[in-house]
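Notes follow once the structure below has been shown.
The values are calculated or read from the model by the stated rules, or taken from the named source; none is laboratory data. Since the model is a prediction, treat every value here as computed from it, not as a measurement. Neighbour counts are summed over all protein chains in view; Cβ atoms, including those assigned to glycine, are modelled from backbone coordinates with ideal geometry.
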Amino acid sequence: MRSTNTLFLLPALLLTTTAAAQTLYALESNGAGAETVHRVFMNCTPFQQCAVPANAFPNAITGTFGGIAWNGQNLLLTSGTTMTTLDPQCNQLQTCPMHGFNQLHDIAMDGVTGIMHFSDGGSLGSVPFGCPMGGIAPARRATVPAPLVMPVTAIDVDTRTNNLWVCDAVGTVAEVTFPSQWSATVVQSFPIAQYPGFPAVQLPIGGMAFDECANRIYLADAAGQIIHMDPQGNARGQCQVALSPGGFIAGLAKRGRMPTPLPGACMAPGMPSCTPQCFTTGGDPTVPNPNLRIEVRDAPWPTGPAPFAFIALDTQQGSLPVGLCGPLVLAGTPAMTIQFRGQLVNDWQATAPCHGTQWYPLPVPNNSALCGFSVFAQWAFWAANGTISLSNGIEVRIDYPCVPNPLQTAGFISGKPDMKPAV
């Protein structure tokens, strides 16, 4: 009898409470030309669903072909012979053919490097992503190594090591490294684990996602079940994605934890009525991501010179009274820092007088100890009339949201408080 406990870990219970949590994208096909993107929490609770545009693929996804990947900004989908890019709401951005590939069984994406990893069943490879795909020498490519059995139907990449995680035709999960550009070796391998109390795993496996911070492997089987394993091959959970009749999962991808917006925006006397918004760009807050940055838009820019922009950062949230139009949403810990970023610059897509923007780099090193680390940020704008206005705040937590991190006060944020512009 199937267990009624569909939530198998306490952290999974917590994931359903916020849209900021990690999620999985599952690409469903009915084999007849209708494809759907499911975005679910790790316990398979639905979060978002949208239909793939009808003209995205000239041919239906069938068998174990096709795949989905997340590049930190958009979704990449393949039918095996065509590549389509969708935004997170499934609006079609571009579609292009693929040249120089056999029909692909799965893809994975490293959004930081722009490298797409793929399996065409008999070989594994990595190539710079582009549209159209083809005519570019692969960064690496090798025949599927023993003891794996062709075809390899599911892959993902560990961005910390650049190794691939794969699953083959008989349900063997393996970590694969490339000793050279044209050779691949299995580092470790084990059979798919069965979680107690759930239906048997059904081959073939249609998709795979690897979570660097949680040390989890997620696999999608032929019945739409998501199997959770650790990198040592132990079962850690299982759940069911709600598919349409006859539907199957053709690909799986993980999206990292989204930043959490916080309140705090306020305008000083004499400033225009603006609502500055704090957000991140450059991909997900994952390990590693040297491109991550915190930006602000819709910042106030009254008549006259552009206000000076500062960003305040801390490792804890709070309510810090500083005598401005409102408190900072930071705790004021010893790690707190305020960085001068120059004058606001013109955001040509915004409307005056709320057209100021600025950014601050927040690169994430390749250090797994940073998983779960939080940075709280808020922007301040010093205008020519001597007043200071504030944006809302934001929490940027690096990927894994379930455990406290010992590096919260270990100096990931550096710099000294300074409320004066540099000269």
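So for segment 36-48 (the condition being hydrophobic (A, V, I, L, M, F, W, C) and more than 30 Å from GLY372 (Cβ to Cβ)), does at least one residue qualify?
Within segment 36-48 (the criterion being hydrophobic (A, V, I, L, M, F, W, C) and more than 30 Å from GLY372 (Cβ to Cβ)), the answer is no, since none of the residues qualifies.
Of the conditions (1) surrounded by 18 or more Cβ atoms within 10 Å (Cβ to Cβ); (2) over 22 Å from CYS213 (Cα atoms); (3) hydroxyl-bearing (Ser, Thr, Tyr), THR286 satisfies every one except a single condition; which number is it?
Every condition holds for THR286 apart from (2).
Could you tell me whether PRO231 is crowded, with 20+ Cβ neighbours inside 10 Å, of a type outside the set (A, V, I, L, M, F, W, C) and farther than 23 Å from GLY66 by Cβ?
No, not satisfied.
Working carefully through the options ALA220, ALA200, ALA265, find the one that is modelled with pLDDT of 95 or more, out of contact with any Cys (no Cβ under 6 Å at 6 or more places or on another chain) and not assigned by TED's automatic domain parsing to the domain that holds ALA34.
It is ALA265.
Restricting the search to segment 284-309, which residues are at pLDDT below 95 and at positive phi?
GLY304
Mind listing whichever residues of segment 83-97 are under 14 Å from ALA69 (Cβ atoms) and β-branched (Val, Ile, Thr)?
Answer for segment 83-97, where residues must be under 14 Å from ALA69 (Cβ atoms) and β-branched (Val, Ile, Thr): THR84, THR85.
Residue check, ALA335 against (1) buried (at least 16 other Cβ atoms within 10 Å of the Cβ); (2) in a strand (DSSP E or B), all met but one. Which one?
Among (1) buried (at least 16 other Cβ atoms within 10 Å of the Cβ); (2) in a strand (DSSP E or B), ALA335 violates only (2).
For segment 16-28, indicate whether the set of residues that are assigned to a loop (DSSP other than H, G, I, E, B) and either modelled with pLDDT of 95 or more or in contact with a Ser or Thr (Cβ under 6 Å, 6 or more places away or on another chain) (or both) is non-empty.
yes
Is segment 294-301 home to any residue that is part of a loop (DSSP other than H, G, I, E, B), of a type in the set (Asp, Glu) and surrounded by 15 or more Cβ atoms within 10 Å (Cβ to Cβ)?
no
Output the residues belonging to segment 26-61 that are over 16 Å from SER244 (Cβ atoms) and either more than 23 Å from the chain's Cα centre (by Cα) or buried (at least 23 other Cβ atoms within 10 Å of the Cβ) (or both).
Listed by number, the residues that qualify are MET42, ASN55, PHE57, PRO58, ASN59.
State the number of residues belonging to segment 77-109 that are in contact with a His (Cβ under 7 Å, 6 or more places away or on another chain) and acidic (Asp, Glu).
Count: 0.
Can you find a residue in segment 161-169 that is of a type in the set (Gly, Ala, Ser) and either buried (at least 19 other Cβ atoms within 10 Å of the Cβ) or under 22 Å from the mean Cα position of the chain (by Cα) (or both)?
No: zero hits.
For ILE388, state whether it is buried (at least 19 other Cβ atoms within 10 Å of the Cβ) and either of a type outside the set (A, V, I, L, M) or modelled with pLDDT under 95 (or both).
no
Of the conditions (1) modelled with pLDDT under 95; (2) within 24 Å of the chain's Cα centre (by Cα), GLY135 clears all except one; give me its number.
For GLY135, the failing item is (2).
I'd like to know if segment 55-71 contains one or more residues that are in a loop (DSSP other than H, G, I, E, B), over 25 Å from LEU164 (Cβ atoms), aliphatic (A, V, I, L, M) and touching a strand residue (DSSP E or B) at 6+ places or on another chain (Cβ under 9 Å).
Checked against the condition, which is being in a loop (DSSP other than H, G, I, E, B), over 25 Å from LEU164 (Cβ atoms), aliphatic (A, V, I, L, M) and touching a strand residue (DSSP E or B) at 6+ places or on another chain (Cβ under 9 Å), segment 55-71 yields at least one hit.
Restricting to segment 196-245, what's the tally of residues that are on the phi < 0 side of the Ramachandran plot, outside any strand (DSSP E or B) and under 18 Å from the mean Cα position of the chain (by Cα)?
3
Within the bounds of segment 142-164, is there any residue that is among the hydroxyl-bearing types (Ser, Thr, Tyr) and free of Cβ contacts under 8 Å to residues at least 40 places away in the same chain?
yes
Residues to consider are GLY63, GLY67; find the one that is at pLDDT below 95 and assigned by TED's automatic domain parsing to the domain that holds ILE226.
GLY63 is the lone residue from the list that is at pLDDT below 95 and assigned by TED's automatic domain parsing to the domain that holds ILE226.
If THR351 satisfies all but one of (1) assigned to a strand (DSSP E or B); (2) of a type outside the set (A, V, I, L, M, F, W, C); (3) over 23 Å from GLY283 (Cβ atoms), what's the number of the condition it fails?
It is condition (1) that THR351 fails.
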